[in-house]
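Just so it is clear, none of the values below were taken in a lab; they were calculated from the coordinates. These numbers were taken from a predicted model, which means no experiment stands behind them. Cβ sites come from the backbone with ideal geometry, for glycine too, and all protein chains shown count toward neighbours.
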Amino acid sequence: MRVVYSPAHLAHDTVTETVMGAVIPANEVPERAERIRTTLEADGGFTVVDPTEHGRDPILAVHDPGLVRFVEEAWNEARAQSIGRPNLIADTYPTFRMFEGMSPEFLARRPETRHAAGRAGWWGLDTANPLLAGTAAAARAAVDVALTTVDLVLDGERAAYGLCRPPGHHAARSMAGGYCFFNNAAIAAEAIVRATGARVAILDVDYHHGNGSQQIFWRRGDVLYVSLHADPIRQYPFFLGWPDETGEGDGSGANLNIPLPAGTDDETYLAALDRGLSVIAETPGDVIVVSLGFDTYGHDPIGDFALTTAVYHECGRRAAALGRRLVILQEGGYHRPSLGANARAWLRGAEGRSYDPLPAAGFGEFGSNR
Ligand code: Q9C
Ligand code: ZN
């Protein structure tokens, strides 16, 4: 299988994030993608290829131009405003309650502040997307990785894998958040719709609900969004991901949320996956965009599921068994020692290769995240 990878992600070299205000070592770090790449290279069955440049237009097909401008300008702007921090993290957000009573027309005329941290809040959901000197280039490269993966599949590959970093599924039309800047999977799905005229399904198996992907296609019947995720009653993104969110207008019935409890194990997960896959099978279309996360793993530091490496092989096998072509894009997954083995298992399953587990070398099953 072809693996699309760009080293541009290395310059999005996050060091810290905050949890409820406390500074902690970042979870979404360059080592994640490097672990996956090196494990796939060592397997021998994968070929790593460079992305090709696709420009801004496919990004603007799903995102507000203001968000794209913000990501491109923010770092230099923060420097120009003498905000001398290693990274830019917002602390003030325009929650909708601030505007209660104001008409949509009035609201649409609220000007964008020029303060760099204010802009980060205006275009952001939360504090989990630190912006650094290399962020804009990395976010652009992640989109090129996704679109090159689309090209490979539209040119005839049954399946291809885009090692996107930063991830994308929390980024909505006008909003970054949750380690995400541009929504790689949504941009890929939109590009497929435009190239083929056919319907596309997004299968989101990251541990978190992909609020951004859901929002972008909420009123769209041509892109089906199916997500398995931690129930928002206990987990980020808290405000979306509930099962009654099924889409509106043309998108009515084209959104399926399957929230899952803490401790979800392999068996429960596979039953939920089968439910999601059967809905995809009932919908016309030939390509599935997979938002692939490994924060469902039993040892993930921010998740609470109990999945094993072996089940990822079975998940990949079942996703491929629908007979559709797969554009597989990396989202989350934060237990660094296991990421390579988990990605390898999923992708080997999707390709119809045996599981053939790696010896437990490299990390103990109860090893640290380092
Ligand atoms: N700072 C993805 O998996 N909240 N994003 C984390 C700790 C945000 C996860 C709280 C989690 C975002 C792509
Ligand atoms: Zn996640």
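Among (1) free of Cβ contacts under 8 Å to residues at least 12 places away in the same chain; (2) touching a strand residue (DSSP E or B) at 6+ places or on another chain (Cβ under 7 Å), which single condition is residue 75 missing? Only one criterion in (1) free of Cβ contacts under 8 Å to residues at least 12 places away in the same chain; (2) touching a strand residue (DSSP E or B) at 6+ places or on another chain (Cβ under 7 Å) is unmet by residue 75, namely (1). Can you tell me how many residues in region 272-320 are in contact (Cβ under 8 Å) with a residue 40 or more places away in the chain and either in a loop (DSSP other than H, G, I, E, B) or at positive phi (or both)? Qualifying residue count, region 272-320: 17.
For first residues located in region 176-193 and under 21 Å from residue 53 (Cβ atoms) and among the acidic types (Asp, Glu), partners that are more than 13 Å from ligand 2 (Cβ to nearest atom) and not in a helix (DSSP H, G or I) and lie 6+ apart or on another chain with Cβ distances below 7 Å form the pairs 190/61; 190/62.
Only one of the numbered conditions (1) within 16 Å of ligand 1 (Cβ to nearest atom); (2) of a type in the set (Val, Ile, Thr); (3) within 22 Å of residue 297 (Cα to Cα); (4) over 13 Å from the mean Cα position of the chain (by Cα) is violated by residue 216, and that is (3).
The residues of region 166-191 that are in a loop (DSSP other than H, G, I, E, B) and either within 13 Å of ligand 2 (Cβ to nearest atom) or surrounded by fewer than 24 Cβ atoms within 10 Å (Cβ to Cβ) (or both), listed by number, are 166, 167, 168, 169, 170, 171, 173, 174, 178, 179. Against the definition (closer than 17 Å to residue 253 by Cβ and more than 16 Å from ligand 2 (Cβ to nearest atom)), how does residue 194 come out, yes or no? When the stated conditions are applied, residue 194 does not pass them. Take the conditions (1) buried (at least 22 other Cβ atoms within 10 Å of the Cβ); (2) away from ligand 2 (no atom under 16 Å from the Cβ); residue 338 misses just one of them, which is (2). For beta carbons closer than 8 Å, sequence separation of 6+ or different chains, a first residue in region 108-124 that is more than 20 Å from residue 80 (Cα to Cα) and a second that is part of a helix (DSSP H, G or I), the qualifying pairs are 110/99.
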